[in-house]
Structures are given as C-alpha cells and as structure tokens.
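Student: The structure under discussion is supplied below as structure tokens; questions concerning it will follow.
Bear in mind these aren't lab numbers, they're just calculated from the coordinates by the rules spelled out. All values derive from a computational prediction rather than experimental measurement. Cβ placement follows ideal geometry from the backbone for every residue including glycine, while neighbour counts extend to all protein chains displayed.
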Amino acid sequence: MKFSMIAVFIVLGLAVTVHAQAPTATAPAVKAPAVKLSPQAPDVAAPKLGPDGGINSGFAASHERFVNIAKEGTAELVFLGDSITAGWASKKEIWDAAFEQYKPANFGIGGDRTQHVLWRITNGELEGIKPKAVVLMIGTNNTGGDSAEGIAQGIEVIVKTIRSKQPQAKILLLAVFPRGEKVSPNPGRDKINQVNSSIAKLNDGKHIHYLDIGSKFLEPDGSLTKEIMPDFLHLSPAGYQIWADAIGPKLAELMK
C-alpha cells in the first residue's frame, strides 16, 4: 500500500514537471503601425519624406549631388523644379543646343513640391555659385492636396529666398504648366490657373520676370495631346523643344 501511494505521487510529480516545461504557443506577431506623416505646408521648407517618416533616400541623394555641383561654382544658369524640370536630363541634345552656352545646372527632382524646393535651396543648393539667372517652375505636385492660395504662397517664399541668397540673379518665374487632357472638367488645371494668376503679380520687370508659356503646349481648343505630353503632365521631346524655344529670347536677355 505504501509502495502504491509512493508510485502515485511520483507519477503526479512527473506530470506536473512535464506540464511546466512544455513550450508555450508563440503569440502571433504584431505588425508595427504605419507611420502617420503630418501634412507639409506648401510655404514651409521641408524635405521629402519616405513611408517610414525619414528623408526619402532618392531625394537626399539628388540633393547632395546638387549641393556638390553648386560648390563647384561654375553654373551661371540654374533650373529649379520637379520631374518636369528633371526630364531635361534625358533631352541632352535639346538642352545643349538651347542652354549649354550659359553653363547650366539642372536641379529638378521628381515628385517635388514647393516645400521641397524651398528646403533644398535653404540647405546648400544655392551656396557657392553666383548664377546670372534662375528658371523656376514648381507647384503641379501640390495641386492634389493644397489650396491655390497655399501653392502661390509657397512659390512666393521660394522666389523671396532665391532673391535673398542670390540677389544678383534674375529669376525667370514660369507659370505652372497646364495638365490634363481636356479643358473642362479639369479641377487640376483650374487650380493651376488660379495659382498662375497669383504668382503673375510677383513680376517686377527687374529682378523677377514672370512668363506664361502654357498656351504653347495646347491645341486651339485648349486640349493637350500625347504628342506633346504623353501622360498629359510630362513633356515629350517635342514638348521640351517648345519649352526651349519659348523661353530662349527672354533667357538671352536675362543672361547678358
């Protein structure tokens, strides 16, 4: 009897031990919440951010390259803008024929908004050079989330910053190019027209020269064609030739 009771206690003890040492089930992994990015005001300098909330790596690399170009101190003509300006890089023949004599530098980054260009020029892209002229065309990427008033304010702050950092430079302020195939309904183009009406007032005929070449891209009925803008936003080679020809006379005047 004593032996039987002892055996029972041993068996119970082993059961408890095995239960205690049994591996627990692994809890399902909890996915980290996505970083919620705060809206960036169009008239406040800000770098372009990635999904993780850090500075976008492509943006940072392009900015660093532009800063180094500026440090070389040779550029006499600077283009500032977004992907439409950046697109000149693949139109070298047209670019060279139109602008090479002016020792140009192309500081365009795809996807940039007004706040991004403002951040770039306050963080080194206008340091070390003394350009005779700066060609600015920016704002189309703001149209999806910012008011026309806010976009115009962002452009105005950029212009004032260029004037502050490069007082000798003449600014060729281009109207934001038209976008979208049809004239109406076209909320994006409507907003762009409002922006252009506002920034046209920045023209002083001395340091700031506003120029609207948008109509040169359009058909007589106001529509855009794929021959000029394949996606109704970015220019084809024919579109870049129109751009070069349209600003050529004014640029020659400003580069004297």
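Student: Using 1/(1 + (r/R0)^6) with R0 = 25 angstrom and r between the beta carbons of Ser198 and Val44, what's the FRET efficiency to the nearest 0.05?
Tutor: Values: r = 18 Å, r/R0 = 0.71.
Efficiency for this residue pair is about 0.90.
Student: Related question: Helix check for the chain. Which DSSP H runs span at least 15 Å along their own axis by Cα, with a mean Kyte-Doolittle hydropathy no less than 1.6? Intermediate results must be reported in sequence, preceding the final value.
Tutor: Values: long enough: 2-21 (29 Å, 1.69); 57-72 (23 Å, -0.28); 148-165 (26 Å, 0.27); 187-199 (18 Å, -0.98); 237-254 (25 Å, 0.18).
Correct list, ordered by number: 2-21.
Student: Given 25 °C and 0.890 mPa s, how large is the Stokes-Einstein diffusion coefficient of the stretch 137-224 in µm²/s, with Rh as the Kirkwood radius over Cα pairs?
Tutor: Numbers: Rh = 13.6 Å.
Roughly 181 µm²/s, to the nearest whole number.
Student: Right, here's the next one. Please say if the stretch 186-256 is rounded, prolate or oblate, where rounded means a/c under 1.5 for a ≥ b ≥ c the square roots of the C-alpha gyration tensor eigenvalues, and otherwise the choice is prolate for a/b larger than b/c and oblate otherwise? Present the calculation step by step, with values, prior to reporting the outcome.
Tutor: Working: a/c = 2.81, a/b = 1.30, b/c = 2.16.
It comes out oblate by the Cα gyration axes.
Student: With an 8 Å cut-off on Cα pairs and a minimum separation of 6 or more residues, tell me the relative contact order of the chain in percent. Write down the numbers at each step before the final one.
Tutor: Details: 381 pairs, mean separation 44.5, N = 256.
Dividing the mean separation by the residue count of the chain yields 17 percent.
Student: Continuing with the same structure: Starting at the first residue of the stretch 125-130, write each ³J(HN,Hα) from the Karplus equation 6.51 cos²θ - 1.76 cosθ + 1.60 with θ = phi - 60°, in whole Hz, x for Gly and Pro.
Tutor: 6, 10, 9, x, 10, 9
Student: While we're looking at this one, here's another question. Return the inverse of the average 1/r over all pairs of distinct C-alpha atoms in the chain, which is the Kirkwood hydrodynamic radius, in Å to one decimal. Walk me through the numbers before you get to the answer.
Tutor: Working: mean 1/r = 0.0479 Å⁻¹.
Kirkwood hydrodynamic radius for the chain: 20.9 Å.
Student: In whole angstrom, and with the biggest value first, how far do the Cα coordinates of the stretch 96-196 range along each principal axis?
Tutor: So the three principal-axis extents are 45, 31, 21 Å.
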